[in-house]
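The values are calculated or read from the model by the stated rules, or taken from the named source; none is laboratory data. Keep in mind it's a predicted model, so treat the numbers as computed, not measured. Cβ placement follows ideal geometry from the backbone for every residue including glycine, while neighbour counts extend to all protein chains displayed. Accessible surface is based on the protein model in full, side chains and every heavy atom, while ligands, DNA and RNA are left aside. Shrake-Rupley method; radii C 1.70, N 1.55, O 1.52, S 1.80 Å.
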Amino acid sequence: MPDLDRRKFLKLALCLSSAFGISNLPESVQAALREIDAAAIPTLVYLHGQSCTGCSISLLQADDPNAVTMITEYSKLAFHTDLSATSGKQALSLIEEYFSGRAGKYFLAVEGAVPYDMPEACVIGNKTFADHLMAAAKTMEGAVAIGTCASYGGIPAAEGNPTGAVSIKEFYKRQGLKPLIINIPGCSVHPDWVWKTVIHLVRLGLPDLVNGQPKLFFERKIHNQCPRYHDFQQEIFAKNLGDKGCLFKLGCVGPDTYADCSTRWWNSRQDWCIGANAPCIGCASRLFASKKDFSFYRHRKG
Ligand code: SF4
């Protein structure tokens with residue numbers, strides 16, 4: 001690796017050891033790591049609430065740049081429930097270091113909803129997830145809500161759920177707090193939407209937001225940029241999955257969903273839902289999965 005000089009190597013080692021929670025490095029290595037300054041990149045403390053961890057898996061699929069580059073060059077991942085090697089008391093004291101303000105500036109990254117009516121349904125260590133959010137509120141620079149559950153409640157907040165799940169914005173609102181929150185919905189979230197927001201924070205500062213979401217990705221409706229929009233206008237509708245034509249009558253939620261899927265595509269630009277003849281299920285919509293009549297849940301006769 002000819003481009004990897006000593007400084008870059010040390011920086012990479014520092015960020016990876018931090019990301020994976022490795023703190024028992026030899027003193028000589030720790031001393032060398034202290035030589036470099038990784039303070040210029042944002043530190044992320046990443047916690048999970050009511051979530052399936054699908055967004056974390058999606059983030060690891062990033063390819064432009066890839067996830068390792070993102071957590072070494074563009075951010076310092078201080079803690080992540082799945083990726084950090086540290087666990088138990090060591091993990092809790094690391095989180096506590098940040099939330100008490102002793103470990104320096106950081107952004108809180110949250111995946112998952114908050115069980116507002118049943119706080120004990122989501123516990124990290126000896127505290128509820130809600131208690132952790134309250135502790136972070138005093139010291140964090142802001143929060144990034146990753147995925148639809150954290151942004152709007154998502155599936156955990158579906159009608160009839162007993163936990164009273166809410167988004168992190170709604171949770172803080174009910175506590176009378178208004179921290180900076182960047183909502184990046186999607187079920188799962190697109191890795192570009194999150195990592196390019198982080199790059200924007202590093203290079204250019206806070207991105208422009210529309211309804212609390214980065215305008216870069218969520219300014220336009222899927223419907224208006226859909227290659228089948230002409231079919232919609234001509235009233236050429238698909239009758240069955242796999243048919244050509246607009247998928248509106250098969251439950252497509254593109255007309256109510258703001259996201260750039262039609263131009264960004266998914267899985268390293270292989271395809272996207274409508275490109276694969278499936279309706280948009282509105283996973284980035286604030287209404288996603290909320291009511292029993294949301295098209296995602298509907299049954300078709302026959
Ligand atoms: Fe709109 Fe969906 Fe039809 Fe595309 S397939 S034009 S997003 S309703």
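Some points to look at:
- Cα coordinate range in the range 82-135, projected on the principal axes (Å, largest first): 32, 22, 18
- Against the chain, whose longest principal axis comes from its Cα atoms, helix 191-203 is set at around 50 degrees.
- Packing, taken as the mean count of other beta carbons within 10 Å per residue, orders the peptides 229-240, 169-180 from highest to lowest as 169-180, 229-240.
- The stretch between Glu73 and Lys89, if pulled fully straight at 0.36 nm per residue, gains 2.9 nm over its current Cα-Cα span.
- Rounded to 10°, Cα long-axis angle of helix 88-99 versus longest principal axis of the chain: 90 degrees
- With a simple spin-label model that places each label point 7 Å from the Cα along the Cα-to-Cβ direction, the separation between Asn240 and Trp265 comes to 2.8 nm.
- Per residue accessible area in Å² of the chain, where ligands, DNA and RNA are left out and the probe is 1.4 Å: 52 Å²
- Of the two radii for the chain, the radius of gyration is 1.01 times the Kirkwood radius, both from the alpha carbons; that is the Rg over Rh value.
- Counting protein heavy atoms only, the range 147-302 has 51 percent of its accessible area on carbon and sulfur, 1.4 angstrom probe.
- Once the chain from Arg174 to Thr53 is taken as fully extended at 0.36 nm per residue, the excess over their C-alpha distance is 41.0 nm.
- Inter-label distance, nm, simple model (7 Å from Cα along the C-beta direction), Asp208/Lys292: 4.3 nm
- Nearest-0.05 FRET efficiency for Asn224 and Asp63, computed from C-beta distance (R0 25 Å): 0.40
- Where labels lie 7 Å past Cα in the beta-carbon direction, separation of Met134 and Glu97 in nm: 2.5 nm
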